[in-house]
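Since the structure comes first, as structure tokens, the remarks are kept for the end.
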Amino acid sequence: MNNTLSIENELDYNDDLLFTVEASEQKPILFTVPLDFAGMRLDAALAKLLPEYSRSRLSTWIKDGFVWLNDATVSPKHKLIGGENLRVLVQQSEENQAFLPEKIPLNIVYEDDDVLVINKPAGLVVHPAAGNWTGTLLNGLLAYATELSQVPRAGIVHRLDKDTSGLMVVAKTLPAQNHLVQQLQNRSVKRIYRAVADGVVPYDGKIETLIGRDPHNRLKMAVVKFGGKEAITHVKVLERYAAHSYIECSLETGRTHQIRVHMREARHPLSGDPVYGNPRHTCSETVKEVVKNLKRQALHAYRLSFIHPKTDELMSFETPLPDDMYHLLSVLRLESGLDSSLSKETAWQNECENDDEDWNEDDYDVQTVYVRD
């Protein structure tokens, strides 16, 4: 598979750039054991003959019967005499096996010959990785459109966290993918999120920091002073409640966990966030129970705009809040004495809608917040 797309060194800092894992077919490799390997254990000898694989992996292959010495299987401890015929059936790694089609329901908002727009539910992992080698959006895409097997990363050009819901665009051809990646790099793709944050966010603003791996926990991201990547999030307050805020976040950059990290840095972490949230946030028992039942961060990719790769037309999509976030906001509005009809999902939501114009900083009373130093 030929990947002509731009790659950055630290992909885990960026959800907008591509990588590809090429699946390799099983194929036997034949060796004649060198005479100077006499007396060496089979697993140690194999590690020298196939240095691209770890000794533990090779030992597993031997135990599982994928290595034959003179057409017979033996143990990893078997001592060699030199000159034997050795046959190894290379096994696909978990990573490569992960790139297989699986029938997974997809909520497709729009489709043509070049792009797909998908409304991803919370709980769906976008791309196979450690702990989630199957059941991902990528697996579902490969089953839905077999031609995506010819496109790096099955056409995925940006990610959403597993427990973030909302809109994603997927390229169906390599030219479309290259075009969309260029738009992401040029920051011309517009992504607007809706979220519920803990506390009363006092004003609209811009959060601009460096984001990198948390030096104290490599599984998390954090605002760092050195060695991170530029991250910019615009925040607009839609509604304020007794102890929470309904906010809209517009991304200029697409760093991993960017909104979650930035809102934590602003001391208003997203409600329900299991990694960056504040489980001791003060609010009513009713709201605590609703947040607990979210079982995720209250974050939804609400609006997505991009230039169509073939027609150059501006495409813009919106998707309503999922039920769990809608219910949380309904309870918050009810407690704050605002209109909150739980039987009519759009009754209050329409009051909070913005016009369809792209984010323009001049339209808001923006206070720039620099938390880099």
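Checked against (1) part of a strand (DSSP E or B); (2) of a type outside the set (D, E, K, R); (3) crowded, with 23+ Cβ neighbours inside 10 Å, L210 meets all criteria but (3).
Every residue, every condition in (1) buried (at least 16 other Cβ atoms within 10 Å of the Cβ); (2) assigned to a strand (DSSP E or B); (3) within 21 Å of the chain's Cα centre (by Cα); (4) aromatic (F, W, Y), yes or no:
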residue	(1), (2), (3), (4)
V196	yes, yes, yes, no
P202	no, no, no, no
M221	yes, yes, yes, no
T233	yes, yes, yes, no
L238	yes, yes, no, no
Y246	yes, yes, no, yes
C249	yes, yes, yes, no
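Quick check on my filter: what residues within region 266-291 are more than 22 Å from the chain's Cα centre (by Cα) and within 25 Å of K206 (Cα to Cα)? Result: A266, R267, H268, N278, H281. Taken together, the residues in region 174-191 that are touching an Asp or Glu at 6+ places or on another chain (Cβ under 6 Å) and either on the phi < 0 side of the Ramachandran plot or open to solvent by less than 10 Å² (accessible area, probe 1.4 Å) (or both) amount to 3. Checked against the criterion of being part of a loop (DSSP other than H, G, I, E, B), open to solvent by less than 10 Å² (accessible area, probe 1.4 Å), in contact with a helix residue (DSSP H, G or I) (Cβ under 9 Å, 6 or more places away or on another chain) and not acidic (D, E), the candidates G272, G254, G277 yield just one match: G254.
Just one of the listed residues (D43, D36, D15) is of a type in the set (D, E), at pLDDT 70 or above and open to solvent by 80 Å² or more (accessible area, probe 1.4 Å), namely D36. Checking each residue in region 155-191 for being in contact with a Phe, Trp or Tyr (Cβ under 7 Å, 6 or more places away or on another chain) and not in a helix (DSSP H, G or I) picks out G166, L167, V169, V189, K190.
The rows are residues; the columns are (1) in contact (Cβ under 8 Å) with a residue 60 or more places away in the chain; (2) of a type outside the set (A, V, I, L, M); (3) surrounded by 15 or more Cβ atoms within 10 Å (Cβ to Cβ); (4) in contact with a helix residue (DSSP H, G or I) (Cβ under 9 Å, 6 or more places away or on another chain).
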{"site": "L49", "(1), (2), (3), (4)": "no, no, yes, yes"}
{"site": "Y53", "(1), (2), (3), (4)": "no, yes, yes, yes"}
{"site": "I62", "(1), (2), (3), (4)": "no, no, yes, yes"}
{"site": "F66", "(1), (2), (3), (4)": "no, yes, yes, yes"}
{"site": "P76", "(1), (2), (3), (4)": "no, yes, yes, yes"}
{"site": "G82", "(1), (2), (3), (4)": "no, yes, no, yes"}
{"site": "L89", "(1), (2), (3), (4)": "yes, no, no, yes"}
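The values are calculated or read from the model by the stated rules, or taken from the named source; none is laboratory data. Quick caveat, the model's predicted, so the values are computed rather than measured. Every residue, glycine among them, receives a Cβ derived from its backbone with ideal geometry; neighbour counts consider all protein chains shown. Remember, those area values only see protein heavy atoms, side chains included, never the ligands or the DNA or RNA. Shrake-Rupley method; radii C 1.70, N 1.55, O 1.52, S 1.80 Å.
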